[in-house]
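Report on one structure; see the data block that follows.
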Amino acid sequence: MVKYSTKLLGLAVLSVLTACGGEQAATTASADQPAAAATETSAANSADVAQVDTARIESAARQPEQWMTYSGGYEEQRHSGLTTINRDTLSDLGVGWTYEMRKTRGVEATPVVVDGVMYVSGSWSVVYALDATTGAELWVYDPEVSGQDAAKGCCDVVNRGLAVYQGKVFVGVFDGRLEALDAATGELLWSTVTVDQSKPYTITGAPRAFNNKVIIGNGGAELGVRGYVTAYDTDTGELAWRFYATPNPEKKPDGAASDAIFAELANDTWGDTGAWTTDGGGGTAWDSMVYDPVNNQVVIGFGNGSPWNDNVRDPEGNGDNLFLSSIVAVDADTGAYRWHFQTTPRDKWDYTATQGIVIADLPLGENGADRRVVMQAPKNGFFYILDAATGQFISGNPYELQTWATGLTEEGRPIENPDARNLAPGYIALPGPMGAHNWHPMAYSPETQLAYIPANRVPQGYGDLNPDDPSNSFWNIGYDLAAGLPSVYPKGTLEAISKEISGSLLAWDPVAGKPAWEVPHITTGNGGILSTASGLVFQNTLMGEIVAYDARTGERLWSSPLNNPTSAPVMTYKVNGEQYLATATGVGSSWGLTYGFAWSEQAAPQPGKVITFKIGGTGELPASVLPSVARTPKGEAIGDDAVALLGMKRFADNCQFCHGGLAVSSGVLPDLRWSAYAGNEAAWDTIVRDGLLTDRGMVSFADHLSKEETDAIRAYVLQQAWLAVANGDAQAPSTVAASAQ
Ligand code: CA
C-alpha cells in the first residue's frame, strides 16, 4: 500500500475539475432520441410573442411578472419584485407543473418567461418552448450537436440560457453556432458559426440582446483557444463587432474592435514566445456579459490563461497578460475599449473572472450618495466593487478562504503569496480551479443590500510538468494532472477527501465588505440564487432539494425535494395572478461528473426536467430514478502495479473529467469500475479506440493514446473496482449473484 497524506491526495484528486463530452448513459437511450428540429408549431403568430426590446427589458423591475433575460433584467441582479410567495404563503406551496426534457446530462439553465411562454435550454443546446401555466410543449428545437463536438468541452454539454428579443429566441450552440429561432414556432431563422470549429471552442453561456445586437462569447481555455466576445445583428446574424481577450498570435491587428487597446496597452503585457502564440492564450468569456444601458456599454468577464501555467504560456515574459481574468467594459455600439480591471494578473491557477457580474446602485458615493457599481465574486475568492462608468476600483474583500494572496493594494492588485506563484512544494491552493464561486449565479437584493453567493471551498495542488514522466492529456493546461495521485488508497480515503470540500450559501454585505450570514452545505457546486422582494432567497442543492431562506437572517423557512440533483438556479414569474417558482433540474457539469466520490449516493442518469411550484399546487414530482449500477466488478484485476500506475496517470489526464476522480463516477455517466465493457478487452477497445459511442460524446482516443495506455487505463479501472471490494465498498460478483435473487 502506498503511503501518502490524505491532504495531498485531496488536492491531487480534487485536482482538476471539469467534465467532458462523455457519453450519455445507455440506460436512458429511449429518452435520447434526437428530436427533429422544430417538431411542433404553435398557432401563435410570431408578431404576437416574445415582443421584448431594449426599452422593455430596461423596465424589467416594473414588470416582475416577466423574467425577460438570463438573469431577469439588464442589471442581472436575479431579484424579483413578486411577493405573492412570501413567508406566510410558503407553507402552501405545492408542485405546479413539471416537464421532462429529451436528453440526459447536466442542466444549468435559467428559463426565460415572456407573456406566458417559457423558453428554456437543456443539455446538448436543445431549446424548449413551454406554456408557462401548464408546461405544455409548444415546440422543441434540437441543433443536433455531434458527439465529436461534445468531446471538445471541458465541462459537460451544458447550456446556461437563452436571449429573447423581438420575437426571436437566441441560443449559443455547444459547437460554436449562434442561432436565431422564431419564438412562435421554433423555426430556424439564421445560424452563424462564431468560432473556428477546427479548434476546441465550445459555447455554454447565454447570449444577451440589446439595441438590435446579440452578443456571445465562448469557452475552451482548458484545451487551448483564444477568447473573445462578438456582437451580431439580431435580424441578420451579421457580425457587428468583436473584442478579443488576448493578443493576435503575431501581435498584429485583427481588424477587430480590440485592435486599438492591444496596440496601445495589452500586447506589451505578453512576451513574444510560448504556448500562447500557438494555443490562443485563453481568456474565454464563457459566462458573464452584461449590458449596462446607463453607460451604453457591455461589461465582460474574461477567463483564465491557456495553458494555465504561465511559465508554459508565456515563458519569457513577466507581464500581466491582459485581458486574462479581467472585467472589461466596451462600447455597446462599436465594441471599443472603455476600461478594464484585472482580478488576477498573469493568472496561473484558472482564476477566471467569468462569474456573474451584477450592476447596482450602492451608497458608496460622496456623503453616502448612490453610486452605480459593477460587482463580481470571481473564482479567486475576492469580492470586487468597481465604478460602472469608469472601472475605478472601489473595494475588494476576501469572501471565502483563500491562500494565494495576503491582501490587495489600494488599486486592487493582489499581494501574492510567493508560494502560490512559485508552486512551492506542499503549497495547497485555495481556491482551486473550481473557484470560490463558479457559474452558479449569485443574486443581489436592493432591499437587503446583500449579495447572495453560492460559494465553494475546493483545495488544489498544482503539479508542474515532469519532462522525465510526461503526461498525455487531452487537456492543455501546462500542469501534470496526475501529480501526487496514488494509484491505490486505503478505506476511508474518499470520506477524508470529501470532508475537505464543501460549499455554502453566503450572504455578503458589499458595502461593509463582510459576510452577513452563511449556511454551510455538505457538497460544493450547489445551485444559483433567486432573491425576492418578499424577503426570501431560494437555492437548489446537489442533494436534490429546493430551499427557501430568510433573506436577512439565513433562517431556513421551507424546502421541497426535487427528486433530481440540481445546480441550476431558481427563477420566478407570474401568469394569471399566480406566482410560480421554476427550476430546471438535472446533474452534470464539472461539479456533477468529476466529484461523484464526494456524494453520499450515486445519482442516476435521467433526463433534465423543469419543475414549478405555486401556492396551492397539487402536482406530483416525477419519481426519482434510482441508480441502476450493480456495485460489482465486471472483470478480473489485470496487470501489475506499474501498469495500473500508468493507467492511473492516463485516467487522471483524460478520463476523470467525465467518469470521476479516482474512477468513482457520480453515476451520471457510467462508473467504469462496474462497466461490462471494462471487463472485456475487445469491448473496451470498441469504445475507447474504435469510437463506438461517439454519438453520445465518448469519442475514440486512438489518435491520442496508445493501445498500451488504453489497456493500462482498463487495468487501473479494474484495480479500483477490486480495491473497492477489498475496502468493503462493493461486493465480489459471486456475492452479488447469490444475494440478488
Ligand atoms: Ca477555466
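Please treat every number below as a calculation from the coordinates, not as lab data. Everything numeric here is computed off the predicted structure, so don't read it as measured data. As a convention, Cβ positions derive from the backbone with ideal geometry for all residues, glycine included, and neighbour counts pool all protein chains shown.
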Full-extension gain in nm, ASP509 to ASN318, via 0.36 nm per residue minus C-alpha separation: 65.2 nm
Gyration tensor verdict on the stretch 315-445 (Cα atoms; rounded if a/c is under 1.5, prolate if a/b is larger than b/c, oblate otherwise): prolate
Residue range of the chain that is longest and free of GluC sites (Glu not before Pro) which are both DSSP loop and sparsely packed (at most 15 other C-beta within 10 Å): 448-554
The stretch 203-279: trypsin sites (Lys or Arg not before Pro) in DSSP loop, at most 16 other beta carbons within 10 Å: LYS251
Distant-in-sequence amide H partners of ASP175 (H built 1.01 Å from N, under 5 Å): ILE203
Pairwise centroid distance, computed over Cα atoms, of the stretch 49-65 with the stretch 172-198, Å: 23 Å
Alpha-carbon centroids, the stretch 205-257 and the stretch 417-452: separation in whole Å: 26 Å
Residues ASP469 and ALA683, FRET efficiency given R0 of 30 Å [Cβ-Cβ distance, rounded to 0.05]: 0.50
Efficiency of FRET from Cβ geometry, ASN211 and GLU447, R₀ 35 Å, rounded to 0.05: 0.75
Dipole magnitude (debye, nearest 20) for the chain, charges at Cβ of Lys, Arg, Asp, Glu: 1220 debye
Cα centroid of the stretch 349-403 to Cα centroid of the stretch 641-667, whole Å: 38 Å
Shape category assigned to the chain from the gyration tensor of Cα positions, a/c cut at 1.5: rounded
Taking the stretch 153-197 and dividing mean pair separation by its residue count, relative contact order in percent (alpha carbons under 8 Å, at least six apart): 26 percent
Rg [Å, one decimal], Dmax [Å, integer] - the stretch 201-257, C-alpha atoms: 12.3, 34
Relative contact order for the chain, counting Cα pairs under 8 Å that sit 6 or more residues apart, in percent: 16 percent
Three-way shape call for the stretch 687-727 based on the alpha-carbon gyration tensor, with the a/c threshold at 1.5: oblate
Packing-based order for 49-56, 228-235, using average beta carbon neighbours within 10 Å, highest first: 228-235, 49-56
The chain: calculated mean residue ellipticity at 222 nm from DSSP helix runs of at least 4, using -39500 (n - 2.57): -3500 deg cm²/dmol
Two-site FRET efficiency, SER706 against ARG421, from Cβ-Cβ distance with R₀ of 30 Å, rounded to 0.05: 0.25
Projected label distance in nm at ASN727 and GLU187, using a 7 Å step from Cα toward the beta-carbon: 5.7 nm
Net dipole in debye of the stretch 404-530 [+1 Lys, Arg Cβ; -1 Asp, Glu Cβ; about Cα centre; nearest 20]: 300 debye
Dipole magnitude (debye, nearest 20) for the stretch 641-740, charges at Cβ of Lys, Arg, Asp, Glu: 160 debye
Radius of gyration and maximum dimension Dmax of the stretch 108-167, Cα, Å: 12.7, 38
Kirkwood Rh (inverse of mean 1/r, distinct Cα pairs), the stretch 641-740, angstrom: 13.9 Å
Packing-based ranking, highest mean first, of 562-570, 198-206 given that Cβ atoms within 10 Å are counted: 562-570, 198-206
Anchor LYS348: lysines whose Cα lies under 29 Å away (excluding residues fewer than 8 positions away in-chain): LYS7, LYS152, LYS199, LYS251, LYS252, LYS379, LYS499, LYS514, LYS649
Length-normalised contact order of the stretch 641-740 in % [C-alpha pairs under 8 Å, at least 6 apart]: 31 percent
Options VAL195, PRO467, THR98, ranked by Cα towards positive dipole end of the chain, top entry (Cβ charges): THR98
